[in-house]
Amino acid sequence: MAKSITRFVCQSCGAVAAKWAGRCEACDEWNTIIEQAPDRPLSRVATPAGKVAFVGLAGTAEPPPRTPTGFAELDRVLGGGIVAASAILVGGDPGIGKSTLLLQAAAALARAGNRVLYVSGEEAVEQIRLRACRLGVVDAGIELAAATNLRDIAASLEHEGTATLVVIDSIQTMWLDTIESAPGTVGQVRASSFELIRLAKSRGFALALVGHVTKEGAIAGPRVLEHMVDAVLYFEGDRGHQFRILRGVKNRFGATDEIGVFEMTDRGLAEVANPSALFLAERRGNIAGSAVFAGLEGSRPVLLEVQALLTPSMGGAPRRSAVGWDGSRLSMLLAVLEARSGLRMHASDVHLNIAGGLRVSEPAADLAVAAALASAAAETPTNPGLVYFGEIGLSGEVRQVALAEARLKEAAKLGFDGACLPRRLARGNRVLVPTGLRLEEIGHVSDLVAGFTGNPVLPPRVWADEATL
């Protein structure tokens with residue numbers, strides 16, 4: 001008889017080691033390597049070999065039909081609705097609202113006449129009923145089940161042909177008796193997900209998996225779970241804050257980086273149709289260190305408030321802290337401001353915050369951050385009717401960014417009367433400008449800083465009231 005070979009697998013990143021070690025060499029995590037027996041297939045019956053049919057690249061394919069969920073913000077992130085036979089992975093911090101979102105979406109689908117199955121491995125049926133009572137969705141015809149044995153769940157779904165959506169909450173609680181490891185380990189999560197996705201593809205129902213996240217915010221499992229599904233959605237936000245951001249980081253049937261904005265209330269999650277107005281609702285325009293950034297989240301323009309605060313350093317290395325923005329990019333921008341515009345902030349602690357709880361990653365926020373920093377350093381408020389967007393290079397130049405028209409339209413819709421943006425180097429590029437919106441073109445970061453410090457180096461402003469430039 002062949003000797004059984006065991007292996008050691010990191011439960012954080014999935015790396016395989018030849019022997020046990022206290023620290024994983026791949027992800028540097030401690031005490032995550034566990035001895036694991038080789039996975040055994042569900043059936044040992046050999047199947048005859050077949051042939052793969054190859055076809056040509058030319059051809060036509062209709063867009064996949066979609067089923068609206070009843071949540072416009074969720075449909076936006078999914079690309080228009082749920083696609084049949086697709087697998088969706090929803091991840092987020094504990095208590096952020098993943099189960100609430102899926103239960104409300106399932107109830108909306110059930111009320112529209114669709115058959116929805118909800119399988120919970122973390123809560124009993126009565127607990128789900130209590131949440132449904134609080135959310136006001138008790139009358140929805142959702143079929144509930146509390147189970148963790150994947151063999152029993154697979155047997156129930158094997159002959160399923162009428163369900164539109166099957167929710168598994170959560171995938172880390174599912175276990176297969178053919179895998180000799182505890183529930184939640186890499187082998188169990190991978191095997192359970194593969195079996196559920198196989199059933200979804202063969203039976204034609206959409207599958208929604210709830211996934212736990214690690215302390216770094218990535219979906220536990222490890223990332224092999226994200227490669228197996230069709231769409232990966234992250235539910236972001238602070239549990240002490242009412243806003244929730246649903247972000248699509250992968251979508252085989254739509255665009256990525258789309259966001260949906262929700263507000264957590266005592267009746268569950270409520271959609272936010274105009275997030276820009278909500279993010280700027282408590283803004284005060286007469287405070288130094290505040291600037292409005294006209295950003296993009298996927299294809300949606302969003303206006304956010306960038307706040308900067310400078311305080312005298314109490315000795316030692318000055319502190320640089322950023323909430324909602326990349327800390328290394330903040331350090332780079334501070335260096336550019338000091339080297340290219342003469343703005344001295346090396347003796348001050350710098351604190352930067354993106355108000356509203358949204359995290360910004362696009363370089364177009366450089367100009368708004370620089371405006372907030374220059375305003376805080378000069379103790380001069382920015383123009384409350386002006387929005388900023390543009391990328392800043394290491395030499396201090398302000399670079400063009402994509403989709404300027406969408407940013408300008410969003411600014412005009414919310415009542416702003418001006419926009420500070422990069423100077424057009426190619427005059428042939430025509431940008432549609434909303435009527436009445438004035439533009440201020442900035443070519444170098446020193447021009448921006450001069451507007452706050454009173455330096456006459458600032459060139460004349462360029463205003464545009466015409467329909468096009």
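I'm told Val138 meets every condition in (1) of a type in the set (Val, Ile, Thr); (2) surrounded by fewer than 17 Cβ atoms within 10 Å (Cβ to Cβ); (3) touching a residue at least 12 places away in the same chain (Cβ under 8 Å) except one. Can you identify the failing condition by its number?
(3)
Looking at Leu343, Leu334, Leu303, Leu310, which is the one that is farther than 27 Å from Val249 by Cα and assigned to a strand (DSSP E or B)?
From the options Leu343, Leu334, Leu303, Leu310, the qualifying one is Leu310.
Among the numbered criteria (1) at pLDDT below 90; (2) more than 18 Å from Val336 (Cα to Cα), which single criterion is violated by Arg438?
Only one criterion is unmet by Arg438, namely (1).
Counting only residues that are in contact with a Leu (Cβ under 7 Å, 6 or more places away or on another chain) and modelled with pLDDT of 90 or more, which one in the stretch 335-348 is farthest from Gly451 (Cα to Cα)?
Ser348
Taking the condition in a loop (DSSP other than H, G, I, E, B), closer than 19 Å to Gly204 by Cβ and either outside the structural domain of Ser193 (by TED's automatic domain parsing) or among the charged types (D, E, K, R) (or both), does Glu180 pass?
no
Quick one: Ala270 ticks every box in (1) outside any strand (DSSP E or B); (2) small (Gly, Ala, Ser); (3) surrounded by fewer than 22 Cβ atoms within 10 Å (Cβ to Cβ) bar one, so which box is it?
(1)
Within the group Leu394, Leu367, which residue is buried (at least 24 other Cβ atoms within 10 Å of the Cβ), under 20 Å from Met345 (Cβ atoms) and in contact (Cβ under 8 Å) with a residue 40 or more places away in the chain?
Being buried (at least 24 other Cβ atoms within 10 Å of the Cβ), under 20 Å from Met345 (Cβ atoms) and in contact (Cβ under 8 Å) with a residue 40 or more places away in the chain holds for just one of Leu394, Leu367, which is Leu367.
Output the residues belonging to the stretch 196-217 that are surrounded by fewer than 18 Cβ atoms within 10 Å (Cβ to Cβ) and over 19 Å from Thr67 (Cβ atoms).
Arg198, Thr214, Lys215, Glu216, Gly217
Can you confirm whether the stretch 86-109 contains a residue that is assigned by TED's automatic domain parsing to the domain that holds Asp230, over 23 Å from the mean Cα position of the chain (by Cα) and assigned to a loop (DSSP other than H, G, I, E, B)?
no
Is it the case that the stretch 177-192 has a residue that's surrounded by fewer than 14 Cβ atoms within 10 Å (Cβ to Cβ), within 30 Å of Lys413 (Cα to Cα) and modelled with pLDDT under 90?
no
Which residue out of Ala372, Ala402, Ala412, Ala365 is part of a helix (DSSP H, G or I), over 19 Å from Arg329 (Cα atoms) and in the same structural domain as Ser313 (by TED's automatic domain parsing)?
Residue meeting the stated conditions: Ala412.
Could you figure out which of (1) free of Cβ contacts under 8 Å to residues at least 12 places away in the same chain; (2) farther than 23 Å from Val229 by Cβ isn't true of Glu62?
(2)
Between Ser86, Ser99, which is of a type in the set (Ser, Thr, Tyr) and over 22 Å from Asp139 (Cβ atoms)?
Ser86
Hey, among the residues in the stretch 1-27 that are surrounded by fewer than 13 Cβ atoms within 10 Å (Cβ to Cβ), out of contact with any strand residue (DSSP E or B) (no Cβ under 6 Å at 6 or more places or on another chain) and at pLDDT below 80, which one's farthest from Glu195 (Cα to Cα)?
Met1
Identify all residues within the stretch 155-176 that are in contact with a Lys or Arg (Cβ under 6 Å, 6 or more places away or on another chain) and either among the hydroxyl-bearing types (Ser, Thr, Tyr) or crowded, with 21+ Cβ neighbours inside 10 Å (or both); write none if there are none.
Answer for the stretch 155-176, where residues must be in contact with a Lys or Arg (Cβ under 6 Å, 6 or more places away or on another chain) and either among the hydroxyl-bearing types (Ser, Thr, Tyr) or crowded, with 21+ Cβ neighbours inside 10 Å (or both): Thr162, Thr164.
For the subset of the stretch 145-159 comprising residues that are within 12 Å of Leu199 (Cα to Cα) and assigned to a loop (DSSP other than H, G, I, E, B), which member is modelled with the lowest pLDDT?
For the stretch 145-159, the residue satisfying everything is His159.
The values are calculated or read from the model by the stated rules, or taken from the named source; none is laboratory data. Nothing here was measured: the structure is a model prediction, and the numbers come from that model. As a convention, Cβ positions derive from the backbone with ideal geometry for all residues, glycine included, and neighbour counts pool all protein chains shown.
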